[in-house]
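Inspection log for the structure reproduced underneath, given as structure tokens.
Nothing in this text is a laboratory measurement; each read-out follows from the coordinates by a stated rule. None of these values were measured; they are calculated from a predicted model. With ideal geometry, Cβ positions are generated from the backbone for all residues, glycine too; neighbour counts draw on all protein chains shown.
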Amino acid sequence: MSAPERLEFTSLGDTPRTFPTALGNSTYSLQLANTSFISSDLTPEQLLNPTGDSAELYGYVLHVELLWIPLAGKTAVDPEATNISIRLIVFSGHEVGLYGGGGFAWPKGEPGDKEYGVDIVGSNATLLAATNGFKDLLSPAQLTGRLRSKLDEAQNKQIRRAASQIVTNALKRVQWVGPRASELQKQASTNGDEMDNADFVLR
């Protein structure tokens, strides 16, 4: 199974819609047990400037985490298999929507190369959280296509933290975007993450 050249989210509902992504600002970082890809049509400066309820942005931040590397000729492409975790944040003015899911992808290149990426051949995603005025036009959706990123640990981390902070402030509860997002989100929910102050700071 091959991935389309264009990386995009496609809704699977009664009214199909496509959410294309622009890969002009894509980076990756290497973690101990996985690889973290970030793609956005927003600059780090745009993401770092808005604070609290006054934030007004139009764009997206996509995070794809490669959890394990399949072996060519040995790993079967099973429709139920999952080796990537997906988070998509959509900013629409003062409204924010956070999508999440998983899928299957083949790595292209070698970890540590100047450019590295994945071919996403199958996935699923749905809306996990949103502000009250956000309109969900995607759920359920799938992400397919080719994601190519440049190695930039600093910018990758900067965008992940800034995006997580904006979503956390908008929803007034901790929302993680980045490595181990699902695990950290469960921990936050267990510990109780409701906030009285919109200027919560992620550590």
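Given labels modelled 7 Å from the Cα in the Cβ direction, how far is it in nm from Lys172 to Glu110?
Once both label points are built, they end up 5.2 nm from each other.
Calculate, for Glu56 and Lys157, the FRET efficiency according to 1/(1 + (r/R0)^6) with r their C-beta to C-beta distance and R0 25 Å; round to the nearest 0.05.
0.55
Residues with amide H under 5 Å of Tyr60's amide H, sequence separation 5 or more or different chain, H placed in the peptide plane at 1.01 Å from N; which?
Asp41, Leu42, Phe91
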